[in-house]
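Everything on this sheet refers to the single structure shown next.
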Amino acid sequence: MFYAIFSLRCYITETEMNTGEKMKDYIKIDNLKDCCGCGACVNICPCGAIEMKENEMGFFYPEVDEEKCVGCGQCRKVCVFCEKSVGANGEPLVYAAVTKNKEVLSQSSSGGIFTELAEAVIEKGGAVLGAAWDEDFSLRHICVNDKSNLDKLRGSKYVQSATGDTFKKAEELLKSGQYVCYSGTPCQIAGLKAFLKKGYDNLLTIDLICHGVPSVKMLRDDLAYFAKKKKIDIKDIKFRDKKYGWGVKGSLNGATANVKYNENTSPYYFYFLGGEVYRESCYNCRFPCEGRQGDITLGDYWGIRQELVSKMNGADIENGISCVLVNSDKGKKWLSGIESRLLMCASDRKSVEKRNKQLTGASVPTPEHNRLVKMYKENGYDAFIYGFKKNYKKRAVGFVKSLIPKKIKRKLAQLKG
């Protein structure tokens, strides 16, 4: 059985020119930076000829079974990552917001706005699709229609999620008249919209302020390293654990113990925050410059000014504040519907962008990136451990900074702002 990796453009081979045979119309990934792995091509294929396959870095790319392929070209037409406009929205309305529900807030990475929106959709008999952990610590999109299962979708997950067949699932629900909330990275939302081919009044899309995504393979390698080093049987991951306050400090939880999981303890976490192990397409992402893809964009309101917090009727900055960008009339309607559940204050995009650079441009690969990629291909996870130890001084400075109480650091940030 012959497999071929697909392209972003249709092309004519030497065989076609010599024989006059008509070549099948499909896409081919000539450069890894040209595919974000959104899965739109897999979902659109009418004959199930496309499958996502893992490469040596652990990232998934579409492969096509030419024996099944009928050459319809739909996989090429649905690809929106590099070449086509996907109807990016204009200037958004911007808010600082936090849920009034203290339990939801404590379990959320920032202000708990996703949960409030998701619950509103479910209350209307709808379904929510978002990223959830599997038992083997892979990450995939699932469909939830009960509030009790929303905890699976809540919280930051610093790894790429597989959308699987959830674009088709969303379309099925939408056509049946149900409300649907789909949450994901900007490229996943763009892929969903391209797959659907038309707008739906009953669809709410939420995109996240995304820095970039490492692979599941890298994460599993890190967890295996951590489990052996700390002698812990890992049952659960929290990249952002509120018991350490609002920030980027996480934990790994086992049956009998839990340990800190952050840039000072984990090679994976260290390189993620440094922007050095993302998918190649993340450094080529056009969406930050072209506008948001979701009806609503959610992220952390890092560096929020105290005078803004004071207008939110008792919000506690130590528990997390979300920035909310409302990009469409539909987004405005849904946010208005949950306003009574929130402490909220109008802000502006410029203030949010100060500490969320991914709103203005893609992440930039560091010189360390190419070295890590080369060494990871040659030596596997040992490359991460070697670099992690080599950068001990950088981590030591980070550790010293982490000892400064958060309230003092935020006061200093507010004074600078």
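Among the residues of the range 163-194, the one identified as polar (S, T, N, Q) and without any contact (Cβ under 8 Å) to a residue 12 or more places away in the chain is 176. Of everything listed in (1) buried (at least 19 other Cβ atoms within 10 Å of the Cβ); (2) touching a residue at least 60 places away in the same chain (Cβ under 8 Å), the single unmet condition for residue 274 is (1). Do we have any residue at all in the range 177-193 that's surrounded by fewer than 21 Cβ atoms within 10 Å (Cβ to Cβ) and of a type in the set (A, V, I, L, M)? Among the residues of the range 177-193, not one is surrounded by fewer than 21 Cβ atoms within 10 Å (Cβ to Cβ) and of a type in the set (A, V, I, L, M), which makes the answer no.
Within the range 245-263, identify whether any single residue is part of a helix (DSSP H, G or I) and either in the same structural domain as residue 223 (by TED's automatic domain parsing) or of a type in the set (Ser, Thr, Tyr) (or both), and answer yes or no. So far as the range 245-263 goes, no, none of its residues is part of a helix (DSSP H, G or I) and either in the same structural domain as residue 223 (by TED's automatic domain parsing) or of a type in the set (Ser, Thr, Tyr) (or both). Within the range 277-294, the set of residues being crowded, with 23+ Cβ neighbours inside 10 Å and either in contact with a Gly (Cβ under 7 Å, 6 or more places away or on another chain) or basic (Lys, Arg) (or both) comprises 278, 279, 282, 292.
Cβ-Cβ distances below 8 Å connect the following pairs, each with a first residue in the range 331-346 that is of a type in the set (Lys, Arg), a second residue that is crowded, with 19+ Cβ neighbours inside 10 Å and assigned to a strand (DSSP E or B), and a separation of six or more residues or different chains: 332/326; 341/99. Once the range 159-176 is narrowed to residues that are closer than 30 Å to residue 273 by Cα and of a type in the set (A, V, I, L, M, F, W, C), the residue that is farthest from the chain's Cα centre (by Cα) is 167. Failed condition for residue 204, given (1) under 21 Å from residue 124 (Cα atoms); (2) part of a helix (DSSP H, G or I), with all others met? Single failed check for residue 204: (2). Among the conditions (1) aromatic (Phe, Trp, Tyr); (2) within 30 Å of residue 31 (Cβ to Cβ); (3) buried (at least 22 other Cβ atoms within 10 Å of the Cβ), residue 301 misses just one, which is (2).
Within the range 47-65, the set of residues being out of contact with any helix residue (DSSP H, G or I) (no Cβ under 7 Å at 6 or more places or on another chain), among the hydrophobic types (A, V, I, L, M, F, W, C), more than 20 Å from residue 220 (Cβ to Cβ) and part of a strand (DSSP E or B) comprises 64 only. Among residues of the range 146-162 that are under 12 Å from residue 237 (Cα atoms) and part of a helix (DSSP H, G or I), none has a beta-carbon under 7 Å from a residue that is polar (S, T, N, Q) and modelled with pLDDT under 95 at least six positions away or on a different chain.
The values are calculated or read from the model by the stated rules, or taken from the named source; none is laboratory data. Keep in mind that what you see is a predicted model, and the values were worked out from it rather than measured. Neighbour counts are summed over all protein chains in view; Cβ atoms, including those assigned to glycine, are modelled from backbone coordinates with ideal geometry.
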